[in-house]
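The values are calculated or read from the model by the stated rules, or taken from the named source; none is laboratory data. These numbers were taken from a predicted model, which means no experiment stands behind them. Virtual Cβ from ideal backbone geometry, glycine too; neighbours counted across all protein chains shown.
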Amino acid sequence: MSETANELVFNDRIDTDTQISSAEAMVLLGRSFALLRHVKGLFAGKFLFALVGILPPLLIPWTGKIVVDQVLLQKPFGESEVRFPPFMDPLIAILEGNTPLAIMGTILTIYAVLLVLFGVRAGGAVTSGLTQGHDSATQSELALSAGSSQSSGIFGVIELMINIRLTQRLANTLRTELFRKLARLPMTTLDDNRIGDSVYRIMYDTPLVPEICFNLSIAPLFAVLGAMISLYLMQYSYGPVAPELVWIAAGLIPLALILTVPLSGFSRRLNQASRASGAATTNTMEESLENISAVQSLGGSRHERERFARDSDQSFKRFRFSFLFGQAMFVVSMFCTVVAGIYVAILVSDLIIGGTMTPGDYAVLFGLYLQLGGTALGIGMYWINLQTNVAAVRRVFFFIDYPSETPGDIHSRLTVQDTIRLDHVSYHYPDGRQALTDIDLEFRVGELTAIVGPTGAGKTSLAYLLPAFLRPSEGRILFDGIDIADVGVDAIRDQVAYVFQEHMLLSESIRSNLLLANPTASENDLRWAIDTAGAGQFVDSLPQGIDTVMGRRGDKLSVGQKQRICIARGLVRDTPVLVLDEPTAALDPETENALVTSLQKAAAGKLVIVIAHRLSTIKRADRIVFLDNGRVRAIGSHETLMADTDGPYRRYVELQTG
Ligand SMILES: Nc1ncnc2c1ncn2[C@@H]1O[C@H](COP(=O)(O)OP(=O)(O)O)[C@@H](O)[C@H]1O
Ligand SMILES: [Mg+2]
């Protein structure tokens with residue numbers, strides 16, 4: 001594989017080890033199979049229909065024999081040494097002694113009934129299903145609503161509907177679960193997680209899981225059952241006359257397995273690569289579009305276009321390769337079946353000439369061989385096709401298993417009525433970077449605390465500890481004396497509202513963005529929050545006021561306006577703890593002044609923490625925590641800290657004011 005190809009496979013930064021051993025493949029298959037517990041009823045329905053569906057193909061070859069021997073050649077029943085299977089006895093009892101015309105009439109009636117019920121099908125030649133486009137993503141989209149029936153006609157349609165319903169329900173269960181997990185990834189994982197990859201997993205990988213359930217359960221079971229019945233019938237009728245026929249037929253299935261199984265590992269790797277490059281394409285698309293302004297302004301459009309074209313082309317190429325491989329396998333197995341078929345034809349002709357068989361036996365044997373050959377091929381191909389699914393399933397279960405945040409019980413009695421205490425807390429990021437060292441502090445309800453320090457000091461990291469976006473590497477965090485280490489994130493976040501340094505707005509109306517924080521907020525609550533955040537004037541000036549839609553990530557607003565909406569959203573939350581990360585950076589002095597005044601007012605009954613740069617904001621805080629290089633260097637009011645003429649805070653302030 002070329003350099004670029006390797007780079008594509010490992011494009012993902014979390015899910016990097018993409019090899020699947022056969023043992024892992026078996027485990028994945030087992031887990032997929034277990035998912036059927038979600039759809040027991042539908043599965044039972046599908047099972048019954050599939051069971052009944054194997055019967056007509058068994059009947060038809062024998063009626064064919066009657067048409068040739070008794071209708072066309074007008075021989076009496078029981079002339080050749082070949083026995084009819086027992087299930088034909090009632091029909092033969094009815095037909096025996098009738099004129100050829102009457103026999104033909106009865107058989108045609110049977111055919112007509114079968115045609116309406118099961119459609120045109122004998123021996124595995126026709127499978128009703130949807131035609132598929134040939135790249136991994138398209139196939140997955142189709143798989144999402146896929147169903148198939150070995151029958152057609154009325155029976156087949158019902159079976160197909162049950163099957164589609166079943167596939168969709170499984171896919172829905174699974175992709176909801178996957179979405180929930182992806183949405184619950186810890187913040188440090190999200191830093192490495194690419195949206196394009198997640199989209200690919202949810203949209204294109206999950207739909208292949210339900211298919212596995214069939215390829216593992218009903219399909220092979222009925223294939224084997226059908227084959228065993230055919231073999232038994234062959235043995236019953238032809239075993240005494242021409243045992244070789246039975247041996248050849250029995251050899252077809254092992255032959256197909258011998259041909260296909262050893263290649264399954266290769267097929268799995270091909271598919272894995274094909275999916276990885278599909279996800280890489282989605283990543284490229286997502287990252288370029290997400291940062292489209294940067295890409296355009298930096299003159300990178302051409303470069304990005306080329307990168308996309310390359311990734312996209314690579315993903316199609318890999319698909320073609322794995323598709324071709326599947327087809328090659330099909331051709332090889334088909335070839336073996338045909339060779340066996342020719343040999344059987346010669347053998348049967350000899351037996352007919354010798355008088356042991358009648359021409360009608362051609363009809364039976366070809367019917368049975370066609371079915372067996374189809375089954376053998378099918379079983380061999382299941383295994384190969386299963387590898388596509390295994391590659392997709394691995395990608396789904398990877399994130400289902402990934403450690404994510406535990407939501408916990410939101411009704412647990414966690415409160416912040418008095419204090420939040422950081423007890424000798426240290427934090428280092430997963431890559432080993434030490435962001436905080438031995439932080440020992442108390443925040444009190446009724447106080448406005450400012451966290452101050454140079455860029456990279458660890459201010460944001462410290463603030464992230466409070467809503468449990470990050471969990472301490474060492475030390476404890478106590479809410480009203482209770483260690484929150486084992487408390488679920490929902491209960492913690494129920495106490496803490498966090499306004500991010502970057503503005504994160506949904507491309508919806510201002511109202512929906514605010515209601516996201518608190519769905520039960522009244523019109524008055526919204527108004528109060530907007531006014532307090534200093535956004536009242538500009539919101540009113542918008543064409544649809546609070547119902548104005550803000551464009552992608554709120555990009556139709558100025559930075560300062562977005563910031564104010566984010567602050568308003570934090571206020572709407574109405575939690576005991578409010579944390580604002582540099583909220584005043586993009587505000588004009590007047591708005592800033594008004595905001596700090598409101599925050600001071602809010603702080604009367606709350607615990608408010610503001611990360612701030614501007615002296616005007618910092619000065620008015622009840623307490624200042626000065627951070628540098630991950631450590632607390634000083635704590636106190638502006639006046640006390642300034643009094644220390646050699647202190648780090650004073651030096652910082654003097655540097656700021658020049
Ligand atoms: N996700 C991350 N992974 C690794 N290191 C990080 C991550 N986020 C921040 N850091 C590092 O942690 C240190 C503190 O960062 P931060 O808390 O954002 O500082 P501040 O908010 O004071 O500017 C910095 O050295 C930064 O590079
Ligand atoms: Mg920061």
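Residues of the stretch 552-601 being small (Gly, Ala, Ser) and closer than 20 Å to Leu515 by Cβ, which ones?
Gly554, Ala568, Gly570
Out of Ser322, Ser333, Ser349, Ser312, I need the residue that is buried (at least 17 other Cβ atoms within 10 Å of the Cβ) and free of Cβ contacts under 8 Å to residues at least 40 places away in the same chain. Which one?
Ser312
Take Leu641 and tell me if it is in contact (Cβ under 8 Å) with a residue 60 or more places away in the chain, crowded, with 16+ Cβ neighbours inside 10 Å and outside any loop (DSSP other than H, G, I, E, B).
In short, no.
Give me a count of the residues in the stretch 320-340 that are at pLDDT below 80 and more than 30 Å from the chain's Cα centre (by Cα).
Going through the stretch 320-340 one residue at a time, the tally reaches 6.
Just the residues that are more than 19 Å from Ala463 (Cα to Cα) and outside any loop (DSSP other than H, G, I, E, B), please, taken from the stretch 596-638.
Within the stretch 596-638, Thr597, Ser598, Lys601, Leu615, Ser616, Lys619, His638 meet the criteria.
Rundown of residues vs (1) surrounded by 15 or more Cβ atoms within 10 Å (Cβ to Cβ); (2) within 16 Å of ligand 2 (Cβ to nearest atom); (3) at pLDDT 90 or above, yes/no style:
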| site | (1), (2), (3) |
| --- | --- |
| Leu557 | yes, no, no |
| Val572 | yes, no, yes |
| Glu582 | yes, yes, no |
| Tyr652 | yes, yes, yes |
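Here is a yes/no grid of residues against (1) of a type in the set (D, E, K, R); (2) under 30 Å from Gly647 (Cβ atoms); (3) more than 16 Å from ligand 1 (Cβ to nearest atom):
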position: Arg444; (1), (2), (3): yes, yes, yes
position: Leu448; (1), (2), (3): no, yes, yes
position: Lys459; (1), (2), (3): yes, yes, no
position: Leu462; (1), (2), (3): no, yes, no
position: Pro467; (1), (2), (3): no, no, no
position: Gly481; (1), (2), (3): no, no, yes
position: Asp490; (1), (2), (3): yes, no, yes
position: Ala497; (1), (2), (3): no, no, yes
position: Ser512; (1), (2), (3): no, no, yes
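With the condition kept exactly as written, say whether any residue in the stretch 615-622 is at pLDDT 90 or above, under 29 Å from Pro472 (Cα atoms), within 16 Å of ligand 2 (Cβ to nearest atom) and surrounded by 21 or more Cβ atoms within 10 Å (Cβ to Cβ).
The answer is yes, given that some residue of the stretch 615-622 is at pLDDT 90 or above, under 29 Å from Pro472 (Cα atoms), within 16 Å of ligand 2 (Cβ to nearest atom) and surrounded by 21 or more Cβ atoms within 10 Å (Cβ to Cβ).
Among (1) within 16 Å of ligand 2 (Cβ to nearest atom); (2) part of a strand (DSSP E or B); (3) among the acidic types (Asp, Glu), which single condition is Glu502 missing?
Every listed condition holds for Glu502 apart from (2).
So Asp490 fits all but one of (1) under 28 Å from Asp628 (Cβ atoms); (2) among the acidic types (Asp, Glu); (3) touching a Gly at 6+ places or on another chain (Cβ under 8 Å); what number is the exception?
All conditions are met except number (1).
Quick check on my filter: what residues within the stretch 73-85 are surrounded by fewer than 12 Cβ atoms within 10 Å (Cβ to Cβ) and without any contact (Cβ under 8 Å) to a residue 24 or more places away in the chain?
Correct list: Pro76, Gly78.
Regarding the stretch 479-494, can at least one residue be identified that is away from ligand 2 (no atom under 16 Å from the Cβ), outside any loop (DSSP other than H, G, I, E, B), out of contact with any His (no Cβ under 7 Å at 6 or more places or on another chain) and within 20 Å of Leu571 (Cβ to Cβ)?
yes
Are any residues in the stretch 427-442 in a loop (DSSP other than H, G, I, E, B) and either more than 9 Å from ligand 1 (Cβ to nearest atom) or of a type in the set (Ser, Thr, Tyr) (or both), and if so, which ones?
Correct list: Tyr429 only.
Among the listed residues Thr640, Thr584, Thr591, identify the single one that is in contact with a Lys or Arg (Cβ under 6 Å, 6 or more places away or on another chain) and polar (S, T, N, Q).
Thr584
If Thr415 satisfies all but one of (1) surrounded by 16 or more Cβ atoms within 10 Å (Cβ to Cβ); (2) part of a loop (DSSP other than H, G, I, E, B); (3) away from ligand 2 (no atom under 16 Å from the Cβ), what's the number of the condition it fails?
If we test Thr415 against (1) surrounded by 16 or more Cβ atoms within 10 Å (Cβ to Cβ); (2) part of a loop (DSSP other than H, G, I, E, B); (3) away from ligand 2 (no atom under 16 Å from the Cβ), just (1) comes out false.
Return yes when Pro430 is surrounded by fewer than 20 Cβ atoms within 10 Å (Cβ to Cβ) and over 30 Å from Lys556 (Cα atoms) and no when it is not.
Against the criterion (surrounded by fewer than 20 Cβ atoms within 10 Å (Cβ to Cβ) and over 30 Å from Lys556 (Cα atoms)), Pro430 qualifies.
In the stretch 267-285, is there at least one residue being touching a residue at least 60 places away in the same chain (Cβ under 8 Å), under 30 Å from Leu351 (Cβ atoms) and assigned by TED's automatic domain parsing to the domain that holds Trp62?
No, the stretch 267-285 contains no residue that is touching a residue at least 60 places away in the same chain (Cβ under 8 Å), under 30 Å from Leu351 (Cβ atoms) and assigned by TED's automatic domain parsing to the domain that holds Trp62.
Give me a count of the residues in the stretch 378-426 that are free of Cβ contacts under 8 Å to residues at least 60 places away in the same chain and of a type in the set (Phe, Trp, Tyr).
Residues that pass the stated criteria total 0.
Any idea which residue in the stretch 426-473 is nearest to ligand 2 (Cβ to nearest atom), counting only those that are of a type in the set (D, E, K, R) and over 15 Å from Val610 (Cβ atoms)?
Arg433
Working only within the stretch 581-619, note down all residues that are within 16 Å of ligand 1 (Cβ to nearest atom) and either touching a Phe, Trp or Tyr at 6+ places or on another chain (Cβ under 8 Å) or basic (Lys, Arg) (or both).
Within the stretch 581-619, Asp581, Ile609, Arg614 qualify.
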